[in-house]
Amino acid sequence: TIKLTIDNKEVIVPEGTTILVASKSVGIKIPTLCFMKLDELHYENSPGSCRICVVEIAGNKKLMPSCKTLCAEGMVVRTHNPRVLNARRTIMELILSNHPFECLTCRKNGQCELQNVASELGIREIRYPGEKSTFSPDVSPAIVRDLDKCIMCRRCETMCNSVQSVGAISAINRGFNSIISTGFGEDIELGNCTYCGQCVAICPVGALGGKSSVDQVLDVLADSSKVVVAQTAPAVRTALGKAFGMESDQVVTGKMVSALRAIGFNYVFDTDFAADLTIMEEGTELLGRLTHLIEGKADARIPLMTSCCPGWVNFVEQNYPELIDNLSTAKSPQQMMGAVIKNYFAKKLNRPRKDIVVVSLMPCLAKKYECMREDMSVEGDPDVNYVLYTRELVRLIRFANVDFQSLPESDFDSPLGESTGAGTIFGATGGVMEAVVRTAYSIYTGKPAPKIDFQELRGFEGIKKATIDFDGVQIKLGIAHGLGNARKLAESILNGTSDFHAVEVMACPGGCIGGGGQPFHHGDMSVIKKRAAALYDADRQKSLRKSHENPSVQKLYADFLGTPCGPVSHRLLHTHYTN
Ligand code: HC0
Ligand code: SF4
């Protein structure tokens, strides 16, 4: 270990620790804009580019960036003396000299790390006129890039290349001309971006954001000729409360439903219902493929890979065409719900489908793209019209001037609002697989599963592997979260080093609870762990915890769909993929 002094405090740290990390360990916060440490994912972004974290080291002429300087025995460090603060203010002025003054209209207004640090440093004027860049915004169906606001922290580059292994964006050029670019500088839509949205989740400024649909949704809410139906994803209810001063581990389902009614939605349904429906279809599909495997048929595409995460589907379509047939043909819960609302609920209301507008509340940016996929519309009318991500929902609730904390709890509408605990845990990595096991076990063996909680499928390890005994038949399962881990899993399938029967992949670290549309966690993975714990808690509190026991799902099959994977299901609830 090494002993040093930081701001008159004695600090003991292991060798190899930076001054920035050592300071944090004793509660001294040094501001920084580029540094990002994702402990759980074992990744760090420390290009040393912003220079805001400079400190003074006794006996050293130059100020040093604390993120790049290692602690040494006997070092005496000052992190906030007048010399350091003056330098930090000058550095900030230089960064701002090349930044548009659009704070009032910026998507990040109020949540911008640059704004916060400028405010902490008390910047009141910028002494350098500077030169400003003039890029036009790059707008895709899911994400928006505004390079004029980029401060070259390179967090997005680390996220997209190292964590997600996609490589859609990286830095090019030098000096003033350096920018984060796509391949050949094309629009992001034309490259290999999966729309996972993880770059948006960690951008400190307004350079990356989600494509907003708030204005369109406000328009349809104001149109009395439309029936506007909301559906809410599992992960939204565990993140929304934080934006209104509640804890990350509080599930706010009842208040969320009340808020959506107050905003003006005519019906509020639960994507968790459709998650149960997905389990019926995907579970049946898995058992069909396993039967083919046991019978030795050549068309048994094993492992079955989940297809509910559109970032993952994009990733497979672009990188692993050989694995496309392994993807479950079941649509995602979002799209199943859209299809059921427009084909079944519309009839119940006795209204043509064009009168119904379906709005999804999702943690995810890729869902905005998913609902635009070719197979997800009927004669130009999409099953899901608009997707709002959680932060957009926060905005809507604020517009409506609803005091969220004091809202009463209310229930979803019937019949597409009833769900089991299995649908709820979809939002956390491993949850879909656990839900599949709870149902597939019963269907396959004809007996109830010996337990409901499958701890071996939970947790935040990058790739989880488990073997579940289906009454004598050993079913091998693999689970990955984050596309970097997904790549490793896909490679192991292709090179034959794994022998899974089924595989779950979620593109975002932690699963949907870590989605790119969720309230910002600023790289703090403990927030994501709390969200997961809250979902598992909500599952435990449900009286029904297996998808096939959902009475409304059973009724939907009896009244309308027939059998799982039957002809009506095939037409409405299944899809195909392209490369
Ligand atoms: Fe998810 Fe979903 S679990 S992808 O993460 O399957 O976005 O929350 O809504 O569709 O249900 C996201 C979350 C969903 C879908 C569900 C699945
Ligand atoms: Fe990369 Fe995902 Fe961002 Fe696309 S959305 S640029 S894949 S991190």
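The table below lists the values:
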quantity: Within the accessible area of the chain (1.4 Å probe), percent carbon and sulfur; calculated: 50 percent
quantity: Degrees between helix 82-97 axis and first principal axis of the chain (Cα, 0 to 90, nearest 10); calculated: 60 degrees
quantity: Solvent-accessible ranking of F135, F265, largest area first, probe 1.4 Å; calculated: F135, F265
quantity: For the range 299-319 versus the range 26-53, the gap between their alpha-carbon centres in whole angstrom; calculated: 34 Å
quantity: In range of the label at N350: residues from the range 257-271 whose backbone nitrogen is under 17 Å from the point 7 Å along Cα→Cβ; calculated: none
quantity: Cα lying deepest toward the dipole's positive end in the chain, options V268, T390, I324, charges on Cβ; calculated: T390
quantity: K29/E102 FRET efficiency (R0 30 Å; Cβ-Cβ; nearest 0.05); calculated: 0.65
quantity: On Cα atoms only, tilt of 431-445 relative to the major axis of the chain in degrees; calculated: 20 degrees
quantity: Lys, Arg +1 and Asp, Glu -1 on Cβ, resulting dipole of the range 119-199 about Cα centre, debye, nearest 20; calculated: 320 debye
quantity: Heavy-atom surface of the chain, accessible at 1.4 Å and reported per residue (Å²); calculated: 41 Å²
quantity: Anchor K37: aspartates and glutamates whose Cα lies under 16 Å away (excluding residues fewer than 8 positions away in-chain); calculated: E113, E157, D524
quantity: Value of [θ]222 nm, deg cm²/dmol, for the chain, DSSP H segments ≥ 4, -39500 (n - 2.57) each, nearest 500; calculated: -9000 deg cm²/dmol
quantity: Computed label-point distance, nm, for sites N173 and S225 using a 7 Å Cα→Cβ extension; calculated: 4.8 nm
quantity: Farthest toward positive dipole pole in the chain [+1 Lys/Arg, -1 Asp/Glu at C-beta], among C512, S307, A339; calculated: C512
quantity: List S406, S170, ordered by accessible area with a 1.4 Å probe, largest first; calculated: S406, S170
quantity: Percentage relative contact order, the chain, counting C-alpha pairs under 8 Å, at least six apart; calculated: 16 percent
quantity: Area of K3 that stays accessible when all protein chains are in place (1.4 Å probe, Å², to 10); calculated: 90 Å²
quantity: Reachable lysines from K297, criterion Cα separation under 28 angstrom, eight or more residues apart if same chain; calculated: K331, K447, K465, K476, K488
quantity: Spatially proximal aspartates and glutamates relative to K354 (Cα-Cα < 19 Å; intrachain offsets below 8 disregarded); calculated: D219, D223, E374, D375, E379, D381, D383
quantity: Principal-axis tilt of helix 483-494 within the chain, Cα atoms, nearest 10 degrees; calculated: 50 degrees
quantity: Loop-located GluC sites (Glu not before Pro) in the range 1-106 whose Cβ has at most 15 other Cβ within 10 Å (DSSP); calculated: E15, E73, E102
quantity: Inter-label distance, nm, simple model (7 Å from Cα along the C-beta direction), N401/A72; calculated: 6.2 nm
quantity: FRET efficiency, 1/(1 + (r/R0)^6) with R0 25 Å, evaluated for D471 and T563 via beta carbons; calculated: 0.60
quantity: Label-point separation in nm, R540 to E15, each point 7 Å along Cα→Cβ; calculated: 4.4 nm
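The values are calculated or read from the model by the stated rules, or taken from the named source; none is laboratory data. Just so we're clear, the structure is a prediction, and the values are computed from it rather than from any experiment. Positions of Cβ are generated from backbone atoms using ideal geometry, with glycine treated the same way; all protein chains shown enter the neighbour counts. Heavy atoms of the whole protein, side chains included, go into the accessibility calculation; ligands, DNA and RNA do not. Shrake-Rupley method; radii C 1.70, N 1.55, O 1.52, S 1.80 Å.
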